[in-house]
Amino acid sequence: MKDEEHYQQGMDVRRAVLGDKHVDRTLSQLTPLNEEFQNFITRYAWGDIWTRPGLEHHTRSMITIAMLIALNREAELKMHLRAAFNNGVTRDELKELIMHSALYCGLPAANATMHLAQQVFDEMDAAG
């Protein structure tokens, strides 16, 4: 498959998972510094990995969130907490994932994520 095809597949998945608003905002902020990196993310992360047949997007979202909790990557975690709902992940499933992460990632990581998740839920509820 050519890079252009990977890019288009990736863009389709990226929009489905993250939402048009997020992707459009990212694309509107392209610069000479980040343009190639954003293309790389779209082709490889979204166009090659997220399109693989072995796992559903729901499962990929849960795995991604768990890894971001362990790595303490707040900005990416917040984005993927929001995006998880586009893949059918529920609030209860996120709660259980955070509880489970307390064992394997540590209480501080889970506690910070619990607060971050509540902030995301509150923002989503306020937006309707």
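Taking the condition surrounded by fewer than 13 Cβ atoms within 10 Å (Cβ to Cβ), hydrophobic (A, V, I, L, M, F, W, C) and without any contact (Cβ under 8 Å) to a residue 24 or more places away in the chain, does LEU55 pass?
no
Yes or no: segment 73-82 includes at least one residue that is open to solvent by 80 Å² or more (accessible area, probe 1.4 Å), under 26 Å from TRP46 (Cβ atoms), out of contact with any Leu (no Cβ under 6 Å at 6 or more places or on another chain) and not charged (D, E, K, R).
There is at least one residue in segment 73-82 that is open to solvent by 80 Å² or more (accessible area, probe 1.4 Å), under 26 Å from TRP46 (Cβ atoms), out of contact with any Leu (no Cβ under 6 Å at 6 or more places or on another chain) and not charged (D, E, K, R).
Looking only at segment 13-48, which residues are acidic (Asp, Glu) and touching a residue at least 24 places away in the same chain (Cβ under 8 Å)?
ASP48
Of the residues that sit in segment 36-52 and are hydroxyl-bearing (Ser, Thr, Tyr) and open to solvent by 40 Å² or more (accessible area, probe 1.4 Å), which one is farthest from GLU4 (Cα to Cα)?
THR51
Check every one of the helices (runs of 4 or more DSSP H) wholly within segment 7-122 and list those with 3 or more residues that are under 16 Å from the mean Cα position of the chain (by Cα).
Values: elements: 20-28, 35-40, 57-71, 74-84, 91-105.
Because the criterion is at least 3 residues that are under 16 Å from the mean Cα position of the chain (by Cα), the helices (runs of 4 or more DSSP H) in segment 7-122 that meet it are 20-28, 57-71, 74-84, 91-105.
Please go through (1) over 30 Å from ALA102 (Cα atoms); (2) surrounded by 16 or more Cβ atoms within 10 Å (Cβ to Cβ) for LEU68 and return the number of the only condition it doesn't satisfy.
Going through (1) over 30 Å from ALA102 (Cα atoms); (2) surrounded by 16 or more Cβ atoms within 10 Å (Cβ to Cβ) one by one, LEU68 breaks only (1).
The values are calculated or read from the model by the stated rules, or taken from the named source; none is laboratory data. Note that the structure is a prediction, hence the values are computed from the model and not measured. Cβ: placed from backbone, ideal geometry, glycine included. Neighbour counts: every protein chain shown. Accessible surface is based on the protein model in full, side chains and every heavy atom, while ligands, DNA and RNA are left aside. Shrake-Rupley method; radii C 1.70, N 1.55, O 1.52, S 1.80 Å.
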